[in-house]
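Structure, as structure tokens:
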Amino acid sequence: MLPNYGSRRRFRDLSEQEVLALAISSEEDDARIYRTYAERLRADYPASAAVFDGMAEEEDRHRQRLIALHRIRFGEVIPLIRREHVAGFYARKPVWLMDTMTLEQIRGEAEAMERQAEQFYVVAAQRTSDAETRRLLGDLAAAEASHEHNAHRLEQKNLGDDERSSEDETARRQFLLTWVQPGLAGLMDGSVSTLAPIFATAFATQNTHTTFLVGLAASVGAGISMGFTEAASDDGQLSGRGSPLKRGIAAGVMTALGGLGHALPYLIPHFWTATAIAMVVVFVELWAIVWIQNRFMQTPFLRATFQVVLGGALVFAAGALIGGG
């Protein structure tokens, strides 16, 4: 990284022709990014895809104007210079990262792209003493500000209240299917299924170290099993539940956390103190599950409470009775 960085040109060392060439290549890159966003969103969010199509066309028009200006001032041959050739020039995120981005994050990234470009040209214009270069950079800053204004205009044109509400609901549903649902299943499995072995071991041995090791093994093992099971059960292509990797991570991590929550108190050497704290943690875990079900899955509060708290109490009682016997 350091050798590559050292080989870059400083912006203040660029000629006016090179600055113009840099602006041309930047506009071309941004248009390509917007078209990639549009293709990524077209199936699920057609209105937002139309916004990015329009923004790409805006970038194309500005690029054509910049090329025409370069042809008049410097001729037909445009120097090959890009963002990565200039030290300190704003960078764009790789487009493959958008696979993990939500709709709102993509929209926010597009707005940030325009603001970054405008701010860069404004600062660059302030640092130059050459009148022509200053004017050129000022024009580019104004063009980027116009881009951001046009982005808002295109969004208002293509995204009415109904379209935005529909797309937001689609994004919310995808978030629930990919992250919340498998994560909730994992939390329930980790919190409830590990109760019996942990508390059975606790009451049978009254040894906090042994109980912690059993709880750690049960939690990690359950997390790995739940994660792989979720990832392998459905590739998400037909069900629309999203990436199996994301679902597997959500289920596996939450399963492990659910079990570790009431295993960690047994790091405390005193048995009854550790057990009392573990019981409090179990209570918090079960109510967290109730809240998530009510908040995200629209499960009626009383029904969720009955299902989760009663089920957890029965499993806890089974573990305590088996261990105590």
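Does segment 133-156 include one or more residues that are within 30 Å of Pro265 (Cβ to Cβ), surrounded by 18 or more Cβ atoms within 10 Å (Cβ to Cβ) and modelled with pLDDT of 75 or more? Lay out the reasoning, then the answer.
In the first step, residues of segment 133-156 are kept if they are within 30 Å of Pro265 (Cβ to Cβ); the result is none.
No; the residues of segment 133-156 include none that is within 30 Å of Pro265 (Cβ to Cβ), surrounded by 18 or more Cβ atoms within 10 Å (Cβ to Cβ) and modelled with pLDDT of 75 or more.
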Among residues belonging to segment 42-57 that are modelled with pLDDT under 85 and crowded, with 22+ Cβ neighbours inside 10 Å, point out the one that is farthest from Glu114 (Cα to Cα). Tyr45
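Conditions tested, residue by residue: (1) buried (at least 17 other Cβ atoms within 10 Å of the Cβ); (2) touching a Gly at 6+ places or on another chain (Cβ under 6 Å); (3) modelled with pLDDT of 75 or more; (4) among the charged types (D, E, K, R).
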{"residue": "Arg63", "(1), (2), (3), (4)": "yes, no, yes, yes"}
{"residue": "Arg73", "(1), (2), (3), (4)": "no, no, yes, yes"}
{"residue": "Val77", "(1), (2), (3), (4)": "no, no, yes, no"}
{"residue": "Leu103", "(1), (2), (3), (4)": "yes, no, no, no"}
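The values are calculated or read from the model by the stated rules, or taken from the named source; none is laboratory data. Because the structure is predicted, anything quoted here is derived from the model rather than measured. No Cβ is skipped: glycine too gets one built from the backbone with ideal geometry, and neighbour counts run over all protein chains shown.
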